[in-house]
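Worksheet for the structure shown next.
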C-alpha cells in the first residue's frame, strides 16, 4: 500500500491540486469578507433603498445553489458574454471566474453572521457614540463593527470552513483543484478507489479541522466579555 | 440591538442627505443594470426568440426543465428521508453515557462534516460502478443520494443533539425521579419534545439538500435541473435565458422552504411559552469541530 501511495503521489499532482484549493479559498475568503461587510453596512444603513437592495441581494443569492452561480460564471459570463476577467489562458479564466462566484455567494453568509454580531453589541454603545456626535458611518466603523467582528469569529470561521469545502464545486467548470483531480484519478485507477478517496478526504479534514479549532480558540480569546 | 439605534431619527438636513444618497445609489444601480442589459442585447440574449421557449410555450418546460426538476425533487426527498433516521441515531449515540458509543459516533459525525459532499458523491459513483450493476441513471441517483445522506445525516445528528440538549433539565430530572429508565426518558420525554424543537432546522436543511443536488448534476452528470441547462441552451441557443429561468426556479423553491422554516420557528415560539426551538438559520455553515449554534453571538 505504501508503494501504491508513492506512485499515486508521483504520477498525479495531488499537492498541487490542494494548493489550488487553498488559493481559491484564501482569495474568496478575503473578497467575501470585504463584500459581506459592505452588504451588512447597506442592510443597517439609514437609506431605505440601500437596505432594500441588501435584503434583495441576500434573499436571491443565498437561495441560488452555488453550483448554478459557478456554472453561470463560466457558461454565461465567459462563453456567452465574453467576460475573461483580464486573463488569457483557459485555466486562469476559470480560476478567476470561480473566485468571483464564491465571493458573490459566501458574502451573503458573512453578511448574515455580521448582522447577528451587530445585534449582540449593547444598545448603550451606539447610544453613547451618537451622544458624542458621531455619524452613522463613524458609529458603525469605530464602535459597532469592531465589537461585532470579535463576537462572530466563531460563526465566521464556520463560514470559511464551508467555503473551503465549497471550492470543490469549481470542478464543475474545470478548475484544476482537488475534486477535479480526484475525479480523474478514480476514473483511471478504479481499483485504488478507497485509497484515493482516503487521501482526498483526509486532505480536506487536514484543511478544515485545524482552521476550526484555531479560530474557535481565537474566538474565545477575543470575545467581548460582558 | 435593532439597526435603528445606529443613527438618530433624521431631521430635515439628514433627510435631505439620505434622499441624495438614495438618488446616487439608484443612479449607480440603474447604470449597472443598463450596462448589463446592453451587453446582453449585444449578444442577442434579450430577443423574444431566445425567451420564447420558456415564456411563450410549454415544450421547453416539458422536455428539459420539468424532468430535471422531478429528479431534483426525487434526490432531495430520498436524501432527507434516509438522512433523518441516520441523523437521529448518531445524534442520540453522541449523547450516550458510554464512552465506547459516544466516541465512535462523534468521530463519524465530525469526519463526514469535514469532507466535501462532492468527494463523497464521486467516490460513491465509482464504488457503485465497481461493485454493483446499476443502470447509469440509477447509479447517478444512488451516488448523489449516498453523498447527500452521509453529509446531511451527520449535520442532522448535530441538529438532533442540539434539539435534545435544548430541553430544560427539569424534564429529565422529573422523569428520572418518577423512576423512568434512560431509554424511557429518551423515547417518552426528550425525543417527542425535541422533534418539534427541531422542525425549523430540518426544513432549513432541506434547502441545503436541494441546493446540493445541483453539484451532482453539474459534476457527475445526474440528469437534474442544472444538468438540463446545457442541452436546453444548445437546442434553443439561449444560454442566459436558460440560466436565469433555472436560477429563478431554484430561488422560488428555496424561498418558499426558507419562509416556511422561519414561519414554523415563529409559530413554535409563540405557541407555548418556554418551548425550546432549534433555529434553522445559517445551518449550512455548520463546520466540523464546532458546537451547533455556538462559537459566538448567534
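The values are calculated or read from the model by the stated rules, or taken from the named source; none is laboratory data. Keep in mind that what you see is a predicted model, and the values were worked out from it rather than measured. Glycine also receives a Cβ, built like all others from the backbone with ideal geometry; neighbour counts cover every protein chain displayed.
Across segment A:79-93, the number of residues qualifying as surrounded by 20 or more Cβ atoms within 10 Å (Cβ to Cβ) and within 18 Å of residue B:244 (Cβ to Cβ) comes to 1.
Checked against (1) closer than 21 Å to residue B:58 by Cβ; (2) buried (at least 23 other Cβ atoms within 10 Å of the Cβ), residue B:213 passes all but condition (1). Candidates are the residues of segment B:112-138 that are more than 17 Å from residue B:208 (Cα to Cα) and in contact (Cβ under 8 Å) with a residue 40 or more places away in the chain; the one that is surrounded by the most Cβ atoms within 10 Å (Cβ to Cβ) is B:122. Close Cβ contacts (under 8 Å, 6 or more residues apart or on different chains) running from residues in segment B:245-270 that are farther than 22 Å from residue A:67 by Cβ to residues that are outside any helix (DSSP H, G or I) comprise B:262/B:280; B:265/B:277; B:265/B:279; B:265/B:280; B:268/B:275; B:268/B:277; B:269/B:275; B:269/B:277. Does residue A:76 count as assigned to a helix (DSSP H, G or I), within 11 Å of another protein chain (Cβ to nearest Cβ) and under 30 Å from residue B:42 (Cβ atoms)? Considered against the rule, which asks whether it is assigned to a helix (DSSP H, G or I), within 11 Å of another protein chain (Cβ to nearest Cβ) and under 30 Å from residue B:42 (Cβ atoms), residue A:76 comes out as yes. Scoring residue A:84 on the criteria (1) more than 8 Å from chain B (Cβ to nearest Cβ); (2) over 16 Å from the mean Cα position of the chain (by Cα); (3) outside any loop (DSSP other than H, G, I, E, B); (4) without any contact (Cβ under 8 Å) to a residue 24 or more places away in the chain leaves a single failure, condition (3). Here the condition is being over 30 Å from residue B:74 (Cβ atoms), in a helix (DSSP H, G or I), away from chain A (no Cβ under 14 Å) and in contact (Cβ under 8 Å) with a residue 60 or more places away in the chain; of B:202, B:164, it holds for B:164 alone. Considering only residues in segment B:257-283 that are under 12 Å from the mean Cα position of the chain (by Cα) and farther than 17 Å from residue B:160 by Cβ, the one that is modelled with the highest pLDDT turns out to be B:257.
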